[in-house]
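Asks: One structure coming up, written as structure tokens, with questions to follow.
Just so it is clear, none of the values below were taken in a lab; they were calculated from the coordinates. Values in this document were obtained by computation on a predicted structure and should not be read as measured data. With ideal geometry, Cβ positions are generated from the backbone for all residues, glycine too; neighbour counts draw on all protein chains shown.
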Amino acid sequence: MPEKLRFTVPAAYDQKQAKLFLKGYCGLSTRMITSLKRETEGIVSNGKILRTVDTVRAGQVVTVTLPEEESPYIEPVEGEPEIVFEDSHLLIANKPPFMPVHPVKQYQTDTLANGVVAYSLSRGERYVFRAVNRLDRNTSGLVMIAKNRFTVNRLKNCVHKTYLAAVHGEITQDGTVRAPIGLQEGSKIVRCVTAEGTPAVTHYAVLYSEREYSLLRLWLETGKTHQIRCHMSHLGHPLLGDDLYGGTREKINRHALHCAEMRFRHPVTGEDITVQAALPQDMAPLFCVGGRSFSKLS
């Protein structure tokens, strides 16, 4: 069944053109507005079609009906995805390590997408699997899935993510890495800091530090592939378990990185939401030192 979104025109848009209200307040893209205009009742108000050239008034209710979409086939595979937040607009899952987000050539049925598709069908829902953020196969933690185009457009670059990581060596002060990232010469996977790369900024705060390893809380201004892994290796402190960037697997059998928190403003309700995911079993022991846990984010 098509989803309906209802918006009330605020005083700031009184006597403004509907197109300005739909884009500036409702957050609809030009492409989506064009698509909705083709629908029988894509944009209506007071029981009538609302044209983009019409004038809206404060207090007027505008209803947008999102069209049903044909989803690319992803094989549903029964499992138990850990859902930490869900409503009619989005879903957030806590992805375990060693699981890809999307099906790829070598992983067709054991991905987060396969499990979420099976889960949604079991609840009578059918929507395109759209991951707002992506994590490496071996990175654990929160992945947000938008259930429609409107939601994914509103949340793009608007979700503040916090990561937990364990790195080699002693780091005693909080800091920021501002260093451009690009592909390492001769590799299609490994990134490196290079003047020819694209800008990347990583902030980190020290939760615990000793000679052998340090525990960090990190957040990003940019979202480049392997950004945290590359930047920490650049500092001389690769992630534990990250043998691709200079770490060793003595304490953990994958890079010790977990997306632990998401903060965002809900694209429809406007509510400020914070969602957290506990550390997986392989990382939790690293963050418990002397009987004290260093996995708290606040």
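Asks: Is there a quick way to get the dipole size of segment 160-258? I mean about its Cα centre, with the Cβ of Lys and Arg at +1 and of Asp and Glu at -1; what is the value in debye to the nearest 20?
Replies: In debye, rounded to 20, segment 160-258 gives about 300.
Asks: What ranking of 231, 226, 203 emerges when the number of other C-beta atoms within 10 Å of each C-beta is taken as an exposure proxy, fewest first?
Replies: With the fewest neighbours first, 231, 226, 203 line up as 203, 226, 231.
Asks: When only Cα pairs under 8 Å and 6 or more residues apart are kept, what is the percent relative contact order across the chain?
Replies: It rounds to 14 percent for the chain.
Asks: With +1 on the Cβ of every Lys and Arg and -1 on the Cβ of every Asp and Glu, and nothing else charged, how large is the dipole of segment 255-298 about its Cα centre, in debye rounded to the nearest 20?
Replies: Using only the charged Cβ atoms, the result is roughly 140 debye.
Asks: Extension gain residue 55-residue 263, at 0.36 nm per residue separation less the Cα-Cα distance, in nm?
Replies: So the extension gain works out to 71.4 nm.
Asks: Under the classification rounded if a/c is under 1.5, otherwise prolate if a/b is larger than b/c and oblate if not, where does segment 160-258 fall, given a ≥ b ≥ c as square roots of the Cα gyration tensor eigenvalues?
Replies: Working: a/c = 1.84, a/b = 1.27, b/c = 1.45.
It is oblate, given that a/c is not under 1.5 and a/b is not larger than b/c.
Asks: Okay, moving on. Skipping prolines and chain starts, which residues have an amide H placed within reach, meaning under 5 Å, of the one on residue 201, given they are 5 or more residues away or on another chain?
Replies: Amide H neighbours of residue 201, under 5 Å, 5+ apart: 221, 222.
Asks: Residue 289 label point, 7 Å along Cα→Cβ, cut-off 14 Å on backbone N: hits in segment 193-208?
Replies: Only 205-208 fall inside the zone, counting backbone N under 14 Å.
Asks: When the Karplus curve 6.51 cos²θ - 1.76 cosθ + 1.60 is applied with θ = phi - 60°, which whole-Hz ³J(HN,Hα) does each residue of segment 257-274 get, with x for Gly and Pro?
Replies: For segment 257-274, the Karplus curve yields 9, 9, 7, 9, 8, 10, 10, 7, 9, 4, x, 10, 7, x, 6, 7, 10, 10 Hz.
Asks: Would you mind getting me the FRET efficiency between residue 222 and residue 48? Use the beta-carbon distance for r and R0 = 45 Å, nearest 0.05. Show your work: numbers first, answer last.
Replies: On the way: r = 45 Å, r/R0 = 0.99.
E between residue 222 and residue 48, to the nearest 0.05, is 0.50.
Asks: If you don't mind, there's one more thing I want to ask. What residues have an amide H closer than 5 Å to that of residue 139, excluding those fewer than 5 places away on the same chain, when H is modeled at 1.01 Å from N in the peptide plane?
Replies: Residues meeting the criterion, in which the H sits 1.01 Å from N, are 98.
Asks: Below 14 angstrom from the Cβ of residue 142, what's the summed charge of the other residues (Lys, Arg +1; Asp, Glu -1)? Intermediate values should be presented prior to the final figure.
Replies: Numbers: positive: 95, 134, 161, 263; negative: 82, 86, 136, 261.
In short, 0.
Asks: With +1 on each Lys and Arg Cβ and -1 on each Asp and Glu Cβ, how big is the dipole of the chain about its Cα centre, in debye rounded to the nearest 20?
Replies: So the magnitude is around 1040 debye.
Asks: Over the Cα atoms of segment 3-66, what radius of gyration and what Dmax do you get, in Å?
Replies: Rg then Dmax for segment 3-66, in Å: 10.4, 29.
Asks: Mind checking the angle between helix 112-122 and the chain's longest principal axis? C-alpha axes, 0 to 90 degrees, to the nearest 10.
Replies: Result, in degrees: 40.
Asks: Still on this model: What residues qualify as long-range amide H neighbours of residue 130, i.e. H under 5 Å apart, gap of 5 or more or another chain, H built at 1.01 Å from N?
Replies: Residues meeting the criterion, in which the H sits 1.01 Å from N, are 146.
Asks: While we're looking at this one, here's another question. Once you've got the Cα coordinates, tell me which of 4/48; 147/296; 156/188 are over 18 Å apart.
Replies: In this structure, 147/296; 156/188 exceed 18 Å between Cα atoms.
Asks: Going by average Cβ density within 10 Å per residue, which order do the peptides 110-122, 4-16 take, highest to lowest?
Replies: Working: 110-122: 19.9, 4-16: 13.8.
Ranking, from highest mean packing down: 110-122, 4-16.
Asks: Only helical DSSP H runs with n ≥ 4 go in: add -39500 (n - 2.57) per run for the chain, normalise by residue count and round the 222 nm mean residue ellipticity to 500 deg cm²/dmol.
Replies: After summing the helix terms and dividing by residue count, I get -3500 deg cm²/dmol.
Asks: Next question. Highest first, please rank the peptides 265-274, 84-93 by the mean number of other Cβ atoms sitting within 10 Å of their residues. Can you show the working numbers first?
Replies: Details: 265-274: 12.9, 84-93: 18.4.
In decreasing order of mean packing, 265-274, 84-93 become 84-93, 265-274.
Asks: May I pose another question? Spin-label point model (7 Å from Cα, Cβ direction): what's the residue 31 to residue 235 distance in nm?
Replies: 3.6 nm
Asks: Right, next: According to the square roots a ≥ b ≥ c of the eigenvalues of the Cα gyration tensor, what is the shape class of segment 1-120, taking rounded for a/c under 1.5, prolate for a/b larger than b/c otherwise, and oblate for the remainder? Before the final figure, lay out each step's value.
Replies: Working: a/c = 3.13, a/b = 2.54, b/c = 1.23.
Taking the square roots of the gyration eigenvalues as a ≥ b ≥ c, segment 1-120 is prolate.
Asks: Can you tell which of 114, 184, 49 lies farthest toward the positive end of the dipole of the chain, using +1 and -1 charges on the Cβ of basic and acidic side chains (Lys, Arg; Asp, Glu)?
Replies: Positive-end residue among those listed: 49.
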